[in-house]
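Every number here is computed from the coordinates shown, using simple stated rules; none is lab data. As the structure is a prediction and not an experimental result, all values here were calculated from the model. Cβ placement follows ideal geometry from the backbone for every residue including glycine, while neighbour counts extend to all protein chains displayed.
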2 protein chains.
Amino acid sequence: MNNGNETDAKKNKASDPSYYIDKKETVTGDKPGDVRVRIVTHKDFRRIGAGYYIPRHHALDPKSGIGRLYFLFKRFLFGSPIESELEGEERLDNPQALAVLSSDALSSVAYGTEEIMRVLILCGTALLALTLPLSLAIVVLIGIVVISYQQTIRAYPSGGGSYIVASENLGRLPGLTAAAALMIDYVLTVAVSSAAGVNALTSAFPNLFAHRVEITLAVIVLIALINLRGIRQSGNMLSIPTYIFIVSMLVMIGIGVFSYFTGRAPHAVPYPMETMPQALTLFLLLSAFSQGCSAMTGIEAVSNGIKVFKSPESKNARKVLIWMGVLLAVMFFGVSFLATRLGVTPDPREQETIVSQMARLIIGGGPFYYLIQFSTAIILLLAMNTSYADFPRLSSILAKDRFAPSQFAFRGERLAFNYGIIALTGISMLLVWVFHGSVNALIPLYAVGVFTAFTLSQAGMVVHWWRERGEKWKVSMIINGVGALTTGIVTLVIAVTKFSHGAWMVLIAIPLVISVFLAIHRHYELLAKETAFKPEELSSTPNIQVVVPVSSPNLYTQKAINFARSLSQNISAVHVSENMEEINLFKKEWDSLFPDIPLTIVESPFRQLLTPLIAFIDALRDQYPEGTIAVVMPEFIPTHWWQHFLHNQTALKLKAALLFHHGVIVLSVPYHLNK
Amino acid sequence: MNNGNETDAKKNKASDPSYYIDKKETVTGDKPGDVRVRIVTHKDFRRIGAGYYIPRHHALDPKSGIGRLYFLFKRFLFGSPIESELEGEERLDNPQALAVLSSDALSSVAYGTEEIMRVLILCGTALLALTLPLSLAIVVLIGIVVISYQQTIRAYPSGGGSYIVASENLGRLPGLTAAAALMIDYVLTVAVSSAAGVNALTSAFPNLFAHRVEITLAVIVLIALINLRGIRQSGNMLSIPTYIFIVSMLVMIGIGVFSYFTGRAPHAVPYPMETMPQALTLFLLLSAFSQGCSAMTGIEAVSNGIKVFKSPESKNARKVLIWMGVLLAVMFFGVSFLATRLGVTPDPREQETIVSQMARLIIGGGPFYYLIQFSTAIILLLAMNTSYADFPRLSSILAKDRFAPSQFAFRGERLAFNYGIIALTGISMLLVWVFHGSVNALIPLYAVGVFTAFTLSQAGMVVHWWRERGEKWKVSMIINGVGALTTGIVTLVIAVTKFSHGAWMVLIAIPLVISVFLAIHRHYELLAKETAFKPEELSSTPNIQVVVPVSSPNLYTQKAINFARSLSQNISAVHVSENMEEINLFKKEWDSLFPDIPLTIVESPFRQLLTPLIAFIDALRDQYPEGTIAVVMPEFIPTHWWQHFLHNQTALKLKAALLFHHGVIVLSVPYHLNK
């Protein structure tokens, strides 16, 4: 159709071997003489088949200067895009999987005991001894939850998050409740983990304490950037710090227990009480227990992440879950045991953690102490990473089910769910900022969500077994029933005891989040219904009103009018002018050249061009609310940069001005000088 | 055509008396059944006649929040728009006109003498006495120029600027030379006047000296804002400071002369010489003369502004010009006389002006001294205003003659030539900044332009009289001939003596500016030629290739396809996808629903939507360089703010991304939820 261009294409072919010509291609429905819009050959595209193209990578690179700068900046920050074909996760062997999936749970060891003690200390140093029985109760609870999740993993071998289990078995609302509780939980995990990780650092380096909020926010941004890079969780990379943490904690606990039983353990100098001791009440006791339950967060990670295990996935996952439970129980109970035996008391100014004090007492302030503090800090930060894996995954599932904005289901250039990562980062940074990075202030908000999700998930499993009635269904049902009941009671205890300390916020937030899910769902459902395919629309013709702004009847006015004619029968030329004399001359000339196109004059009292034109277009739109107003105008395309200064660029300005005017389309017919 | 709408219109009519319905209107060329695009009635427009509307003022107000804020800011800064009808300048009586038009010329008194002395001082304090004969020579020159301009005013009673006189009589190139010289001169006037005005201030308040550049720049911006407000030069407003300056200077000179001749005049303590005195050369003498010639700038203002005089304009203008010449001569010579007699020497650090030193000697440091300094500062600033009137006026004449960008011919909302004002401000601020606000450094650049324009204008007048040969043409020709010869010689003297001090810049700048004028002219001429009306184009149909990006075949895909069909026969639906499975399903569904619209698949390796789509559109454009690519796509218009978050706004993003892609038009077919 364009001979000059074909010659060019042939010329290019010689220099680029990947270039080929396939002009004989036919498409069903071709009528003779019908020109089809199609790339026949182009250096930017690889043609796979009839009407099937893949862009070559260079075609996706930006062309403009600023665009290229932004592109390089993005590359530097996030790395090169990853092709979809490279999706498909690495499988991890069991030790790697234990390291990757248990960082959230095991990191709780760093603050669990301290949270119990911070409540008991209110009743005086003596009652800190109660830390031990409370820790034992929590260890039992860990046992129950681990056994319950064994069942979930067996029933949902492809991954059974609380949202899936609850909505499949209990219905939409319980499912959304679990999802809301979990999402709040994930946000809190990021806030608590980053704050606690930074706390471990500031215990070792007290002069950093004044900057803990800024450091915490910076850490969150760093982890978010790493996740936006979509770095696949490499087993080895995450294994090392986790195992350093496990081993060093176990060694410290071992030395401590040995010293204690050999009577060589030092005793801590307790911090002075700053207030009068209260009497111990049941409420205070339950509060201390509730606080300790924060140690149980992250146990659900294994059942969410079944897909990362090697075959047999389900069996391996269950093994790892047991290992995780045992390690968590031993380390948590060990810390609690030693803390009470060594007489460690929580620092009222929150400057040194219990674990740091213990480590200092047991092993002194040498390199091993710093190893413990560093590995604690790092595992707390890795715990955040569990949320960064789960929050975007959950929100993408919600987006697919139309309960979250569709953008959340979209994988970015690095295969990460960018929108989920950004949302998680933003909300958790806000939280850290509002709570001034205080772990103690954030923890009460934390456990309610976890235990709500536990309870709903276990309750869902009960219904699951009841419906399935497979082998040994009664045993399984009882196990999950006990789990649901226990976690349900703990949820209530936590909700009541921590209500005034901030749990009320979570209890308000969950229904709010659910109502957002439902509103989003209604919107998408309505949209889907209203925009469903309607066979009767196939033959309707749109009602287009064309406006052609004209300044002088030159060649490009002609071209715009010709373009307008191909669009609609309803054309009006509009001339904006301030000068009566000029108007009369123009009208006379117009009517002789375009007798069939009615001319409308809009007088501009203040000599503006765009403002009266836009006002006229808006008025026209008010008169034709059902139709579409198409504004057709010539646009001069400068061939040299300095020509920009010689033209008003009215078409460009009009396009920009009408970008947000609904029902109005600006079509510019481009022209440029040939010389 | 739309019954619901008509009812609405009728309802509105009742409440708005200015609303009326005139639906019976017919237009020549109406075919039966043809729907015309026309506002029949609308509250925003007043209908003057068939197809003739004037927007009501409220229709031109911005609708959006940010727009309204910007609008209010503009109103605050520049005032409300002025209707074109209010154009037509006030006439001034002779004393007012003298004040308004002579501020540039008379303000030269503030620095003329000092410029001569700054050269002579190089040969030692004794040779400063030569200031007087040099000043006398300049007074003679003033006389010659005033008499010459008397002729110009007589010959061009409607305003005879140098550009008009030179191009009418000498041809395009001399005309453009005069224009270039004048425009450079105007820029320098703004820079010199603002710097000199601020210098007068810092002489009185030496602690402001360190900030003189910033103050000078701020003053230029202030004067520019006042001129953008388009405040009509009110005779009274400008008269007062000018007459205060004239009277106080004359009084000071009078007291000084009286004291001198009565032998009571004090003698100045000369500044110590910082360098060895040079020998006096002819070159130095001529240099001093050249510097003094800067006192003659602004004499041409009267002949540019003939239109502001009351009838008989020409006669009044000539009277005022003589008055101005006499005042200038007396004041300039007076200052030179006293400066030499009182032994005042120029401050080597440029901190106190000659006039300030003289005033201090003659009348002491009291209130009268400050009145002199203030009125000097104000008249120097008013001198800038002459440039702000003349530069935009000259550039608008050049724009009409197609030697300057067309925007310069456009009068803004306040009837000012905004582009000219902004250009003048920008260039003169740059100059002040580059020269650190030093009057002494700027003056050498100054006088060349003025005298070039004088010479060309007078030479033009010689040719004028030669051609006209009216009454007494020989006398007139001789007068202008003497003027042309004298100013021509002075131009040469200035160019030679100041060449190495900066005049070379002006001598380079003038041809550069002329070549810019010519390049602009060539561009517009070529454009006019290429875009001239071509009768054969009336019947041509444009070659439009339509691309419809489709994601799923819903109702709005249908509407987009229907719209596309009304635009062209050549339609291609483009589906961007990353998923082979989805592609096959989609293709099958598409082919069954739209068998006549060929589907193109563009695979997106990195899951982007816009980037491959834009690459594809660009590739298509490469293939059809002669045609227009129209991208038609549905655009969701949110009805609630939160719905923005639930949609990708792909159409909006695509519109923005393709705004600068030549030959590509994005047409969005708007849709929104009905609930």
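Could you work out Rg/(2.2 N^0.38 Å) for the protein assembly as shown, with Rg from alpha carbons only?
With N residues counted in the protein assembly as shown, Rg over 2.2 N^0.38 Å equals 1.25.
Out of the DSSP beta bridges found with both residues in the protein assembly as shown, what percent are antiparallel (nearest 5)?
Taking every DSSP beta bridge within the protein assembly as shown, about 15 percent pair in antiparallel fashion.
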C-alpha long axis of helix A:367-400 to longest principal axis of chain A, angle in °:
50
With everything on Cα atoms, drop me the angle between helix A:172-204 and the longest principal axis of chain A, reported from 0 to 90° to the nearest 10.
70
Taking H as built 1.01 Å from N, whose amide H comes closer than 5 Å to the amide H of residue B:669, not counting residues under 5 places away?
B:633, B:635
Jot down the per residue volume, in cubic angstrom and as a whole number, of the convex hull over the alpha-carbon atoms of the range A:213-314.
250
For chain B, the longest stretch holding no GluC sites (Glu not before Pro) located in a DSSP loop with at most 12 other Cβ atoms within 10 Å is which?
B:275-470
Can you tell me what share of the DSSP beta bridges in chain B is antiparallel? A percent to the nearest 5 is fine.
15
Given backbone amide H placed at 1.01 Å from N, residues whose amide H is under 5 Å from that of residue B:53, ignoring those fewer than 5 places away on the same chain, are A:601, A:602, A:603, B:48
The answer for trypsin sites (Lys or Arg not before Pro) in the range B:449-485 that fall in a DSSP coil and have at most 13 neighbouring Cβ atoms within 10 Å is B:469, B:472
As an exercise, find the ratio Rg/Rh for the range B:538-672 from alpha-carbon atoms, using the Kirkwood inverse-distance average for Rh.
0.96
Apply the Karplus parameterisation 6.51 cos²θ - 1.76 cosθ + 1.60, with θ equal to phi minus 60°, to every residue of the range B:297-310 and state each ³J(HN,Hα) to the nearest whole Hz, in sequence, with x for glycine and proline.
5, x, 5, 6, 4, 5, 6, 6, x, 3, 5, 7, 7, 6
Two-decimal log10 I(q)/I(0) for chain B, as the Debye equation yields it once each C-alpha is a single scatterer, q = 0.05, 0.08, 0.10 Å⁻¹:
-0.39, -0.78, -0.98
Using label points projected 7 Å from each Cα along Cα→Cβ, tell me how many nm separate residue A:538 and residue A:282, to one decimal.
7.3
Residues whose built amide H sits under 5 Å from the amide H of residue A:574, excluding neighbours closer than 5 in sequence, are A:548, A:550, A:600
Helix A:473-497 sits at what angle to the longest principal axis of chain A, using alpha carbons and giving 0 to 90 degrees rounded to 10?
90
Net charge around residue A:284, counting only other residues with Cβ within less than 14 Å of its Cβ (Lys, Arg = +1; Asp, Glu = -1)?
+1
With the Cα gyration tensor of the range A:588-634 giving a ≥ b ≥ c as the square roots of its eigenvalues, does the rule (a/c under 1.5 for rounded; else a/b larger than b/c for prolate; else oblate) give rounded, prolate or oblate?
oblate
With +1 on the Cβ of every Lys and Arg and -1 on the Cβ of every Asp and Glu, and nothing else charged, how large is the dipole of chain A about its Cα centre, in debye rounded to the nearest 20?
1460
Sum up the charges of everything whose Cβ sits under 10 Å from the Cβ of residue A:198, counting Lys and Arg as +1 and Asp and Glu as -1, but leave residue A:198 out.
0
Going 7 Å from Cα along the Cα-Cβ axis for the label, what nanometre distances separate residue A:222 from the same residue across the other copies?
5.3
Sorted from shortest, what are the nm distances separating the label point of residue A:62 from equivalent points in the other copies, each placed 7 Å from Cα along Cα to C-beta?
2.7
Once the label point is set 7 Å along the Cα-to-beta-carbon vector, what list of distances in nm do you get between residue B:662 and its counterparts in the other copies?
3.7
Mind checking the log10 I(q)/I(0) for the range B:429-582 at q = 0.12, 0.14, 0.15 Å⁻¹? Debye, one equal scatterer per Cα, no solvent, two decimals.
-0.78, -0.93, -1.00
In the neighbourhood of residue A:300 defined by beta carbon distances under 10 Å, the net charge of the other residues (Lys, Arg +1; Asp, Glu -1) is -3
